[in-house]
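Following: one structure in structure tokens, then a few remarks.
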Amino acid sequence: MNPPFCPNPKCVFHNAREADYSKHWYRYGYHNTKVVGKVRRFKCKACHKSFSERTFSVHYYTKKNLDLKAISMAVKRSESVNSIGRQLGCNWDSITNRINRLGRSRMLAMQKQLPSLL
């Protein structure tokens, strides 16, 4: 995974396209997490801020990975949030959080596809 842009809003490469940003970062080691184990880190050459590969993931800043496909299918079947939480062994707040994250990522995907449809 290569970072598509710098996550620092004050950096000149924050709104850069992936092709423009490809030479403006370098690998900066790893850190261990309880959730997924080893996670690669990067550092921006312009602003010198470091970030991880999870920064660009739907699972960013989560303490537990949940099966997003199962959550999505359960929402399509109109299951309640409590029911989904019981099935996956977690709190309803976690399910609500993942539903919101899925919604935002799908809206972004639709926004990127819209120009090609017009």
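If the cut-off is a Cα-Cα distance under 27 Å, which lysines reach Lys34, setting aside same-chain residues fewer than 8 apart in sequence?
Qualifying lysines at Cα under 27 Å: Lys43, Lys49, Lys63, Lys64, Lys69.
Going toward the positive end of the dipole of the chain, with +1 on Lys and Arg Cβ and -1 on Asp and Glu Cβ, which of Ile84, Asn100, Cys47 do you reach last?
Cys47
Between Arg41 and residues 5 or more places away or on another chain, which pairs have amide H atoms under 5 Å apart, with H built 1.01 Å from N, and which residues are they?
Close amide H contacts, sequence-distant or interchain: Tyr28, Gly29, Tyr30, His31.
Arranged by the count of other C-beta atoms within 10 angstrom, fewest first, what order do Tyr61, Tyr30 take?
Arranged by neighbour count, lowest to highest, Tyr61, Tyr30 become Tyr61, Tyr30.
Quick check: from the Cα gyration tensor, does the chain come out rounded (a/c under 1.5), prolate or oblate?
Values: a/c = 3.15, a/b = 1.50, b/c = 2.10.
The shape class here is oblate.
Hey, fewest Cβ within 10 Å first, where do Lys45, Lys38 land in order? Write down the numbers at each step before the final one.
On the way: Lys45 13, Lys38 8.
So the residues, fewest neighbours to most, are Lys38, Lys45.
Where a number appears in this text, it was derived from the coordinates with a stated rule and is not lab data. Nothing here was measured: the structure is a model prediction, and the numbers come from that model. Note: ideal-geometry Cβ built from the backbone for every residue, glycine included; neighbour counts use all protein chains shown.
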